[in-house]
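The values are calculated or read from the model by the stated rules, or taken from the named source; none is laboratory data. Model, not experiment: these values are computed from the prediction. Cβ coordinates were reconstructed from backbone atoms using ideal geometry, including for glycine residues, and neighbour counts include every protein chain displayed. For accessibility, only protein heavy atoms count, side chains too; no ligands or nucleic acids. Shrake-Rupley method; radii C 1.70, N 1.55, O 1.52, S 1.80 Å.
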Amino acid sequence: IGPGLGVNIKLLSKYGTVDILEIDQYFIDQIKKGNKKINHFTDISQVDKKFDLIVMMDVLEHIEPNFINSVLQDIDQYATKYIWLRIDTHPARKELSDGRNAHLIIQNESWWLNILQRNIKGTIVYNEVNKKGKLDIAIEK
């Protein structure tokens, strides 16, 4: 979900077809160049299956705060085995056109762990914040 330029997609596609949820056509085009093992969706309502693994790298901090619970519940609904998240806990260097920081949710590790445990049925088997403030979380369903 939100694969950016698809660096991780190249790795994952070695193991089979990768489904991506991305709304920006530029990123979709970049990812699909030379890679035939990609299915893409632009809206979660288009997805009619479940996934063994959901990966979200640097996405959740960009969600409007009033939608974070429902987004996490959607992730929970579609994941059957594993969820891997990377969340930036620091402000972004960029601002939105309305002047807000591009990271709409700037919270610490304990806040994220709490909201994940409230919205996702599973066990957090790994969590660590690196020196740059990136929080990596692995959840086993």
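Points worth noting:
- Test: residue in the range 11-18 that is over 15 Å from the mean Cα position of the chain (by Cα) and of a type in the set (A, V, I, L, M): yes
- Check on P3, in contact (Cβ under 8 Å) with a residue 24 or more places away in the chain and closer than 23 Å to T80 by Cβ: yes
- Within the range 27-72, tally of residues that are among the aliphatic types (A, V, I, L, M) and more than 15 Å from the chain's Cα centre (by Cα): 4
- Test: residue in the range 118-128 that is farther than 23 Å from D74 by Cα and modelled with pLDDT of 95 or more: yes
- Where a residue in the range 111-129 is free of Cβ contacts under 8 Å to residues at least 12 places away in the same chain and closer than 13 Å to L60 by Cα and its partner, wherever it lies, is outside any strand (DSSP E or B) and aliphatic (A, V, I, L, M), with Cβ under 6 Å and at least six apart: none
- Taking the criterion of being open to solvent by 60 Å² or more (accessible area, probe 1.4 Å) and in a loop (DSSP other than H, G, I, E, B), the residues of the range 106-129 that qualify are I106, Q107, N108, K121.
- Listed by first and then second residue, the pairs with beta-carbon distance under 7 Å, at least 6 apart or on different chains, first residue in the range 55-70 and modelled with pLDDT of 95 or more, second in a helix (DSSP H, G or I) and charged (D, E, K, R), form an empty list.
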